[in-house]
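I have placed the structure first, in the form of structure tokens, so that the comments after it can refer back to it.
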Amino acid sequence: HCLYVGDHVRDIEAGRNAGMRTAVAGWGYLNNEEDPAQWGADLHFDTVQALHHWLRY
């Protein structure tokens with residue numbers, strides 16, 4: 001199982017093109033003008049802890 005986690009729309013596109021589930025890293029280098037909700041990711045994590053919790057369960 002693979003999950004592609006990224007902080008840019010390019011990351012989400014790359015993960016999707018590779019056939020992976022994708023997740024937005026809300027703590028990354030996000031620009032205030034960007035809307036990650038529009039990227040089409042499968043998941044969105046606001047913190048590293050939220051991602052860690054999801055991975056554990």
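We did not get these values from a lab; they are worked out from the coordinates using the rules stated. Small disclaimer: the values here were computed from a predicted structure and weren't measured. Glycine gets a Cβ as well: all are built from the backbone with ideal geometry, and neighbour counts include every protein chain shown.
Conditions tested, residue by residue: (1) in contact with a Ser or Thr (Cβ under 6 Å, 6 or more places away or on another chain); (2) loosely packed, with under 14 Cβ neighbours inside 10 Å; (3) touching a residue at least 60 places away in the same chain (Cβ under 8 Å); (4) assigned to a loop (DSSP other than H, G, I, E, B).
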position: His1; (1), (2), (3), (4): no, yes, no, yes
position: Arg10; (1), (2), (3), (4): no, yes, no, no
position: Ala14; (1), (2), (3), (4): no, no, no, no
position: Gly19; (1), (2), (3), (4): no, yes, no, yes
position: Thr22; (1), (2), (3), (4): no, no, no, no
position: Gly28; (1), (2), (3), (4): no, yes, no, yes
position: Gly40; (1), (2), (3), (4): no, yes, no, yes
position: His44; (1), (2), (3), (4): no, no, no, no
position: Ala50; (1), (2), (3), (4): no, no, no, no
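Would you check which residues across the chain are charged (D, E, K, R) and over 13 Å from the mean Cα position of the chain (by Cα) and list them? If you could, list the steps in order and put the result at the bottom.
Of the residues in the chain, the ones charged (D, E, K, R) are 7, 10-11, 13, 16, 21, 33-35, 42, 46, 56.
Answer for the chain, where residues must be charged (D, E, K, R) and over 13 Å from the mean Cα position of the chain (by Cα): Glu33, Glu34, Arg56.
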